[in-house]
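The values are calculated or read from the model by the stated rules, or taken from the named source; none is laboratory data. This structure is a prediction, so every number in the text was calculated from the model and none was measured. We place every Cβ from the backbone using ideal geometry, glycine too, and count neighbours over all the protein chains shown. Side chains included, ligands, DNA and RNA excluded: accessible areas come from the protein's heavy atoms. Shrake-Rupley method; radii C 1.70, N 1.55, O 1.52, S 1.80 Å.
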Amino acid sequence: MNFNIIDKVRITTPTCSFRFPKLVEPETKFDVAGQYKVMGVMDPQVAEGIATQLDTLLNEHKASLKQQAPTQSFKLADLPFGFEEANGKPSFVVKTKMKASGMERDGRVWSAAPALFDAKGQPIRDRESLKSMWSGTTGRISFDACPFYNAAIGAGITLRLRAVQIIDLV
């Protein structure tokens, strides 16, 4: 059965600490096409608004699916966000990713990279200067929270990376 999926929501985090940023060159270890990704770790009190937005979106998505198929049960996929312990203290974590390349149905090849901005909001032209980026870098992450449903995986939300503002490079 094909379901109508509710619309995505664009969210920008407050300043957070990055873990395992892959923003200059895509990671190709698990996907030959490559993926850009970054995890944002923030204080739970600061992230309360984002957590509420994502929980509301997930609940609306589940309600929409249930309304379309009242007799069917839907399992929940692993979520790329949540509260967990990081460095010995409670934190809210968002795990975002973006495909680096792919192929359209008509055979055209495409490629993409996240938009990168400096602390003043100016676009970063020299990506090579960021190759030394490590965990602990601080900044803001802009992503689309996109609901999905797959019978094998379940209902969930994926966080598609769009742009990153780098405030303090580590």
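Table: residues versus (1) open to solvent by 50 Å² or more (accessible area, probe 1.4 Å); (2) β-branched (Val, Ile, Thr); (3) under 30 Å from Glu128 (Cα atoms).
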residue: Lys8; (1), (2), (3): yes, no, no
residue: Cys16; (1), (2), (3): no, no, yes
residue: Glu48; (1), (2), (3): yes, no, no
residue: Asp55; (1), (2), (3): yes, no, no
residue: Glu60; (1), (2), (3): yes, no, no
residue: Pro70; (1), (2), (3): yes, no, no
residue: Leu76; (1), (2), (3): yes, no, no
residue: Lys99; (1), (2), (3): yes, no, yes
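For the condition hydroxyl-bearing (Ser, Thr, Tyr) and either assigned to a strand (DSSP E or B) or farther than 19 Å from Leu54 by Cβ (or both), Ser64 does not qualify.
Looking at Arg140, Arg108, Arg127 in this structure, which one is among the charged types (D, E, K, R), more than 30 Å from Thr56 (Cα to Cα) and surrounded by 10 or more Cβ atoms within 10 Å (Cβ to Cβ)? Before you say what the answer is, go through the steps one by one.
Values: Arg140 fails: more than 30 Å from Thr56 (Cα to Cα); Arg108 fails: surrounded by 10 or more Cβ atoms within 10 Å (Cβ to Cβ).
Only one candidate passes the filter, namely Arg127.
Kindly indicate the residue of segment 18-39 that is in a loop (DSSP other than H, G, I, E, B) and open to solvent by 20 Å² or more (accessible area, probe 1.4 Å) and also farthest from Arg140 (Cα to Cα) among those meeting that condition.
Our first condition is that a residue be in a loop (DSSP other than H, G, I, E, B); within segment 18-39, this holds for 28-34.
Subset that is open to solvent by 20 Å² or more (accessible area, probe 1.4 Å): 28-33.
Working: Thr28: 24, Lys29: 25, Phe30: 26, Asp31: 25, Val32: 27, Ala33: 25 Å.
Once the filter is applied, the top-ranked residue is Val32.
The residues on offer are Arg125, Arg140, and the sole one that is of a type in the set (D, E, K, R) and under 18 Å from the mean Cα position of the chain (by Cα) is Arg140.
Could we say that Lys95 is basic (Lys, Arg), touching a residue at least 12 places away in the same chain (Cβ under 8 Å), open to solvent by less than 90 Å² (accessible area, probe 1.4 Å) and in a helix (DSSP H, G or I) here? If you could, list the steps in order and put the result at the bottom.
Values: basic (Lys, Arg): yes; touching a residue at least 12 places away in the same chain (Cβ under 8 Å): yes; open to solvent by less than 90 Å² (accessible area, probe 1.4 Å): yes; in a helix (DSSP H, G or I): no.
So Lys95 does not fit the description; no.
Among what's in segment 76-91 and is in contact (Cβ under 8 Å) with a residue 60 or more places away in the chain and assigned to a loop (DSSP other than H, G, I, E, B), pick the residue that is nearest to Arg160 (Cα to Cα). Show your work before the answer.
Filtering segment 76-91 for residues in contact (Cβ under 8 Å) with a residue 60 or more places away in the chain gives 76-81, 86.
Those still in the list that are assigned to a loop (DSSP other than H, G, I, E, B) too: 77-80.
On the way: Ala77: 16, Asp78: 15, Leu79: 13, Pro80: 10 Å.
Applying the filter and picking the extreme gives Pro80.
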